[in-house]
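Novice: Just dropping this structure here.
The values are calculated or read from the model by the stated rules, or taken from the named source; none is laboratory data. Fair warning: this is a prediction, and the values are worked out from it, not measured in the lab. Positions of Cβ are backbone-derived with ideal geometry, glycine not excepted, and every protein chain shown enters the neighbour counts. Heavy atoms of the whole protein, side chains included, go into the accessibility calculation; ligands, DNA and RNA do not. Shrake-Rupley method; radii C 1.70, N 1.55, O 1.52, S 1.80 Å.
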Amino acid sequence: MDREIAGIMLSFALYLTYFLIPLVPSILIYKIFPNTSVVASGSFSGLKINSSGAFAAYLITLVISINALSETEARILEIRNPNEPTWSIIGTLELRDGEGNVINNPMLFDLLEISLEPRVLSSANGDIHFKIPGSPDGSPPKRMITLDVKGFGRGKINLTSEAALTGSDMVVNYQNRTIEFNEPIEITTLTQPGQRYSETSYMTPVTGAGQ
Amino acid sequence: MKNMVFVLLILVSELAMATNLRGRVDIRHPYTGDLFPASGATVELIVFTNFGPQLVYTYFTGSDGMYYMPNIMPGNYILRINQYLDYQIQVLNMPYQDLRPVLVQ
């Protein structure tokens, strides 16, 4: 069954339960102990409550069951929305120099990197773990991920095609929504051996110039 | 009309003299000692005038370590890397000029 439909049905069942569960003790109280006086008074959701009899029993059971069922509701919401909720940050960047003047150089935006604190990426000794937004249909995200080791090189994770996702180098777990790699992801250096310069080919800095 | 031609000639001659500079910034890998392109390096071109040093162009290198500075007039300049490493360079009267790479430690 589709996740969304299952989630809606579960939500409906939950709201029905919210209504029916408190009804049971209140009917029992009404039937078995018709002369017992149950009183409920106080404030509930901003409303002042002052009731008695079976309705008071209903209210009391409702308050108790709300707490008990709230966790179930959270689980149902998780089923309906399999991906972690994502937020879009929308804005425009402006580059300024040290004196506050606007720098108009669109090429610089190609170098833009965004980091988060706390980081969504954790890496230690080459082991990486990070989260990315999924596709709206619940399938793995169709994205090309670039891993850039500054000053060294770059590697890519290709999730853009179905063929890439069914490759032997990765295991896609649709239940846990994880993509795990069997083999190391290669980060290749940008400098090829033939392109390397010897140290003598570098320019020599001018000591104290421009100071 | 004569003045316009004169101005045009000056403009054309100025454009002809402008040079497109190109170069690369490298960095040494701290563990292997290998040399790699330095991404994110700040490359500034500074000219010294009667009014003191003037910033002509600023560029931030990409992952290939390359920097490009279009339409630079011939003359003597200082190429400043990461705001501390200075190199004296001479921009020549030619359409394109490749500078020798620089190494930041």
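Novice: Across peptide A:121-132, what mean number of C-beta atoms from other chains lies inside 10 Å of a residue's C-beta? Walk me through the numbers before you get to the answer.
Specialist: Working: counts 0, 0, 0, 0, 0, 0, 0, 0, 0, 0, 0, 0.
Partner-chain Cβ atoms within 10 Å, mean over residues of A:121-132: 0.
Novice: Ranked highest first by average number of other Cβ atoms within 10 Å, how do B:39-50, A:176-187 line up?
Specialist: Peptide ranking by packing, descending: B:39-50, A:176-187.
Novice: So, by mean Cβ neighbours within 10 angstrom, what's the order for B:85-98, B:54-67, A:62-75 with the highest one leading?
Specialist: Output ranking for B:85-98, B:54-67, A:62-75: B:54-67, B:85-98, A:62-75.
Novice: Take every residue in peptide B:80-91, count the Cβ atoms of other chains within 10 Å of its Cβ, and give the average of those counts.
Specialist: Partner-chain Cβ atoms within 10 Å, mean over residues of B:80-91: 3.
Novice: How much accessible area per residue does the stretch A:114-190 have, counting only protein heavy atoms and a probe of 1.4 Å, in square angstrom?
Specialist: On the way: 5670 Å² over 77 residues.
It amounts to 74 Å² per residue over the stretch A:114-190.
Novice: Counting partner chain Cβ atoms within 10 Å of every residue's Cβ in A:22-30, what's the average?
Specialist: For peptide A:22-30, the averaged partner shielding equals 0.
Novice: Kirkwood hydrodynamic radius, computed over distinct alpha-carbon pairs, for the stretch B:42-105: how many Å, to one decimal?
Specialist: Kirkwood hydrodynamic radius for the stretch B:42-105: 12.4 Å.
Novice: Long-range amide H contacts for B:Arg24: which residues qualify at under 5 Å (H placed 1.01 Å from N, peptide plane, sequence gap of 5 or more or a different chain)?
Specialist: Those lying under 5 Å, H to H, from B:Arg24 are B:Tyr67, B:Val102.
Novice: Sequence-distant or interchain residues sharing an amide H contact under 5 Å with A:Ala40, placed H: which?
Specialist: Hits under the 5 Å cutoff: A:Ser51, A:Ser52.
Novice: Let me ask another. Roughly to the nearest percent, how much of the accessible area of the stretch A:114-190 is carbon and sulfur, given a 1.4 Å probe?
Specialist: 53
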